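K.L.:
Sharing a structure here in structure tokens format.
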Amino acid sequence: MKLKYFSHSAFQITTADNKKILIDPFLNGNPTSPVKEKDVNADFIVLTHAHGDHIGDAFNIAKRCNSLFICVDELANYCKSKGYQAHNMHIGGGYNFDFGRLKFTIAHHGSLTPDNHYGGQPAGVVLSIDGINLYHTGDTGLFLDMKLIGEMTPIDYMLLPIGDNFTMGIDDAVKAVEFVNPKIAIPMHYNTFPIIAADPYEFKKKVETLGKKSIVMDYGQEIVLS
Ligand code: NI
Ligand code: MN
């Protein structure tokens, strides 16, 4: 399984049997993304919440690739109302897809669509694919229940925001890593805009002080997960 980072909270997972899962594909309007919507394909599109910097180009990609949306119920219904296919889920629930298992977790944030529809609760997502557990927290503040998420599913890779203002900043994110106890922490949701400027290497250093590992992914970089 491979993980590619487009910047902000946008990632693409490619499974061992070449299924492509996009998470929060904010590309065309994203000043830090090295790729545009037309360069990216997806069998599945996971949206953590409805904000424009997470829905991003999801609809154009889904139209071109006939992708299946996976979201919490209200946001899935919103996708269906626009004519797309979606699998409705909700917080705390998991489902075994043909690429692996996906479970939604709580996140503390908002979720209004760019055209002012309620997107349901914002969420994080735990993916279990090819024997690897990956937790994308979505946009969230720090919360103690993260400990439970890490207890119920030992996390290999944790993707979490460090940009502050709308989400956790660096110090709260470091505490989140302590709570979840992943093998590797990967920072996201920083430096896309001046208001979320943050130094990912300061985060990495502080995570390493805990005796834990962190990888700062370059924009456009793809890594093999093991
Ligand atoms: Ni948001
Ligand atoms: Mn955001």
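K.L.:
Once you place label points 7 Å from the Cα toward the Cβ at Y118 and E208, how far apart are they in nm?
P.N.:
4.7
K.L.:
Please label the shape of the chain as rounded, prolate or oblate, based on the square roots a ≥ b ≥ c of the eigenvalues of the alpha-carbon gyration tensor (a/c under 1.5 means rounded; beyond that, a/b larger than b/c means prolate, else oblate).
P.N.:
Numbers: a/c = 1.38, a/b = 1.31, b/c = 1.05.
The shape class here is rounded.
K.L.:
Multiplying the sequence separation of K63 and Y95 by 0.36 nm and subtracting their Cα-Cα distance, what value in nm do you get?
P.N.:
On the way: separation 32, 0.36 × 32 = 11.52 nm, distance 2.39 nm.
Difference between extended and current length: 9.1 nm.
K.L.:
In the neighborhood of L144, defined by Cβ-to-Cβ distances under 13 Å, what is the net charge if each Lys or Arg adds +1 and each Asp or Glu adds -1? Don't jump to the answer; show the numbers that get you there.
P.N.:
Numbers: positive: K147, K175; negative: D145, E151, D172, E178.
Once positives and negatives cancel, what remains is -2.
K.L.:
Take the alpha carbon gyration tensor of region 136-226, find the square roots of its eigenvalues, order them as a ≥ b ≥ c, and report rounded if a/c is under 1.5; if not, report prolate when a/b exceeds b/c, else oblate. Present the calculation step by step, with values, prior to reporting the outcome.
P.N.:
Numbers: a/c = 1.58, a/b = 1.20, b/c = 1.31.
In terms of gyration-tensor shape, oblate.
K.L.:
With a 1.4 Å probe and all protein chains left in place, how much of the accessible area of the chain comes from carbon and sulfur atoms, in whole percent?
P.N.:
Details: 4560 of 9180 Å².
After summing per-atom areas, the C and S share lands at 50 percent.
K.L.:
Students often get this wrong, so check it: of K103/K204; K20/K212; K4/K82; K20/K103, which have C-alpha atoms separated by over 24 Å? Mind dumping the intermediate values first?
P.N.:
Details: K103/K204 27 Å; K20/K212 29 Å; K4/K82 28 Å; K20/K103 17 Å.
With Cα atoms farther than 24 Å apart: K103/K204; K20/K212; K4/K82.
The values are calculated or read from the model by the stated rules, or taken from the named source; none is laboratory data. Fair warning: this is a prediction, and the values are worked out from it, not measured in the lab. Cβ sites come from the backbone with ideal geometry, for glycine too, and all protein chains shown count toward neighbours. Side chains included, ligands, DNA and RNA excluded: accessible areas come from the protein's heavy atoms. Shrake-Rupley method; radii C 1.70, N 1.55, O 1.52, S 1.80 Å.
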